Each structure stands twice: as structure tokens, then as C-alpha cells.
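Throughout, read-outs are computed from the coordinates displayed, never taken from laboratory work. The structure presented is a predicted model; accordingly, all values stated were derived computationally and were not measured. We place every Cβ from the backbone using ideal geometry, glycine too, and count neighbours over all the protein chains shown.
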Amino acid sequence: MICSVVANEEVSALQSWYNAGVDFNLADYNGRTALHVAVAHGRTEHVTYLLAHGANPGAVDIDSLTPLDEAQKQCLTDIIAQLKIARNNTPSC
């Protein structure tokens with residue numbers, strides 16, 4: 001459900017999911033998280049929100065791809081920059 005919200009609704013819809021305690025790192029059957037989907041759809045505001053609310057920028061899907069891999073494939077420079085910053089700020093342990 002959260003992946004559908006990210007793909008089809010305004011970023012404000014994520015607030016109710018966050019308030020309900022949804023883990024933004026849950027993955028679908030392909031291992032894609034909400035962050036993967038937001039990147040795939042070029043939803044910069046969604047990426048910003050998800051990263052600010054605990055989404056893992058290093059999440060790996062079934063094809064061993066991260067959200068950054070998807071952003072680079074599509075040449076989404078603003079999202080690439082966000083993901084690189086978030087990845088560098090993620091604790092290693």
C-alpha cells in the first residue's frame with residue numbers, strides 16, 4: 001500500500017502513514033521500498049520526506065539495486081544528491 005501512495009498521491013498523504021507508525025523500510029515482493037518507488041517515479045518531495053522520516057537510502061531490492069542506482073539510471077540529479085547525502089549520514093552500526 002505505501003508504495004502505491006508514494007507513486008500516486010501527494011507527499012502530504014505520507015504524513016498519515018507516518019503518524020500510524022508505518023515503517024517506510026517495508027518492502028514489496030520485489031524488495032522495493034517506498035524510497036525505491038519514489039525515486040522510480042521521480043518524486044523529489046516524496047524522497048525528501050521519506051529520508052527525513054527514516055527511509056533507508058541503502059535498501060537493496062531483489063535485483064540488488066538501491067534507490068541511488070535507480071536515480072543514477074534516470075539521471076535524476078536532485079534526487080542523486082539527496083541520496084548521497086543521506087547515505088553518508090547513515091550510521092554504520
(request) Find the relative contact order for the range 2-88 and round it to a whole percent, using C-alpha pairs within less than 8 Å whose residues are 6+ positions apart. (result) 26 percent
(message) Around residue 58, under 14 Å between beta carbons, what's the net of Lys plus Arg minus Asp minus Glu among the other residues?
(response) 0
(request) At 0.36 nm per residue, minus the direct Cα-Cα distance, what do residue 74 and residue 9 gain on full extension? Give it in nm, one decimal, please. (result) 21.3 nm
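Most exposed first by the Cβ proxy, i.e. fewest other Cβ within 10 Å, how do 36, 53 rank?
Final ranking by Cβ density, sparse to dense: 53, 36.
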(message) What is the ratio of the Cα radius of gyration of the chain to 2.2 N^0.38 Å, with N the residue count, to two decimals?
(response) 0.97
(request) Quick one: grab Rg to one decimal and Dmax as a whole number for the range 9-55, Cα atoms only, in Å. (result) 9.9, 26
(request) Give me the number: length gained by fully extending residue 60 to residue 84, i.e. 0.36 nm times residue separation minus the C-alpha to C-alpha distance, one decimal in nm. (result) 7.1 nm
(request) Give a quick list of GluC sites (Glu not before Pro) in the range 1-87 that DSSP marks as loop, anything other than H, G, I, E or B, with at most 11 other Cβ atoms within 10 Å. (result) 10
(request) Please order 83, 35 by the number of other Cβ within 10 Å, starting at the fewest. (result) 83, 35
(request) Neighbouring Cβ atoms within 10 Å as the yardstick, rank 78, 61 fewest first. (result) 78, 61
